[in-house]
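Structure first, commentary second.
The values are calculated or read from the model by the stated rules, or taken from the named source; none is laboratory data. Everything numeric here is computed off the predicted structure, so don't read it as measured data. Ideal geometry is used to build each Cβ from the backbone, glycine not excepted, and the neighbour counts take in all protein chains shown.
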Amino acid sequence: MQKNKIISRSLIILITISVVSYIGWHVSRKPPIEVEFATAALGTVEAIVVNTRAGTIKACRRAKLAPAAGGQIVKLLVKEGERVVQGQRLLELWNADLTAQHELATQQLVTTESRQRESCIIANNAQRESKRTQQLVAKGFVSSQRAEDAEANAAAQQASCAAATADVKRAQAQLEVNSSQS
C-alpha cells in the first residue's frame with residue numbers, strides 16, 4: 001500500500017513537472033518565421049544579373065521615387081546608373097489629356113471674360129437709361145411706369161453682370177486646378 005502511494009505521488013510530480021516544462025517552452029519559444037509565397041509566371045526578362053558569390057547584395061544608396069500622379073512613361077530622360085542632380089527631370093508621363101483640359105479651361109476663361117464684359121456694359125447702359133428716365137419723369141415727359149421698367153431692367157442687368165463676374169472667377173479657379181494637375 002505504501003508502495004502504491006509512492007508510485008502515485010511520483011506520477012503526480014512527474015506529470016506536474018511535464019506540464020510546467022511544456023508551458024515554459026510554449027511561452028518562451030520564438031514565433032514562427034513568416035513566409036511570403038509567389039507564383040512564377042512567364043514574362044519578359046528586364047535585366048540579367050549574374051551572381052557568382054553566395055549572399056545578398058544591397059545598394060549603398062537607394063532612391064525611392066513616387067510621382068505625384070501615375071501614368072504611362074513617354075520619355076525616360078536618364079539611364080540606369082547615371083548620376084542625377086536635385087531638381088533634374090527624370091521622366092515624362094503621358095499627359096495629352098491634361099494638356100487638352102488645360103487648353104479647354106483657358107478658352108472657357110476667355111469666353112466667360114468676354115461675356116462678363118458684354119453683360120457689364122449692358123448693365124451700365126441700363127443704369128444710365130434708368131437715370132435718364134427718372135429725369136424725364138421729374139419733368140413730366142414719361143410715365144412713372146416707364147421709369148419703374150427702366151429701373152427693373154437696370155437691376156436685372158446688374159445681376160447678370162454679377163453672375164458673369166462669378167463665372168469668370170469659377171473659370172479662373174478651374175484653370176488653376178488644371179494647371180496644378182499638369
Practice task
Take residue 62 and decide whether it is modelled with pLDDT under 80, under 30 Å from residue 180 (Cβ atoms) and loosely packed, with under 10 Cβ neighbours inside 10 Å.
Solution key: yes
Completion exercise
Going through (1) hydrophobic (A, V, I, L, M, F, W, C); (2) outside any loop (DSSP other than H, G, I, E, B); (3) at pLDDT 85 or above one by one, residue 98 fails only at (3)
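Per-residue answers, yes or no, for (1) touching a Leu at 6+ places or on another chain (Cβ under 9 Å); (2) of a type outside the set (Ser, Thr, Tyr); (3) part of a helix (DSSP H, G or I):
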position: 86; (1), (2), (3): no, yes, no
position: 92; (1), (2), (3): yes, yes, no
position: 132; (1), (2), (3): no, yes, yes
position: 162; (1), (2), (3): no, yes, yes
Practice task
State whether one or more residues within segment 105-113 are touching a residue at least 12 places away in the same chain (Cβ under 8 Å) and touching a Pro at 6+ places or on another chain (Cβ under 8 Å).
Solution key: no
Fill in the blank from the handout: All-but-one check, residue 173 against (1) touching a helix residue (DSSP H, G or I) at 6+ places or on another chain (Cβ under 9 Å); (2) part of a helix (DSSP H, G or I); (3) at pLDDT below 90, failing number (1)
Handout entry: Lone qualifier among 128, 146, 89 - being in contact with a helix residue (DSSP H, G or I) (Cβ under 8 Å, 6 or more places away or on another chain), surrounded by fewer than 17 Cβ atoms within 10 Å (Cβ to Cβ) and among the basic types (Lys, Arg)
Key = 146
Problem - Among the residues listed as 144, 182, the single one being modelled with pLDDT under 90, among the hydroxyl-bearing types (Ser, Thr, Tyr) and closer than 30 Å to residue 97 by Cβ - result: 182
Exercise for the section: Enumerate the pairs (first residue in segment 64-85 and farther than 22 Å from residue 97 by Cβ; second residue anywhere and assigned to a strand (DSSP E or B) and modelled with pLDDT of 80 or more) with beta-carbon separation below 9 Å, excluding pairs fewer than 6 apart on the same chain, so at least 6 apart or on different chains. Expected result: 65/91; 78/91
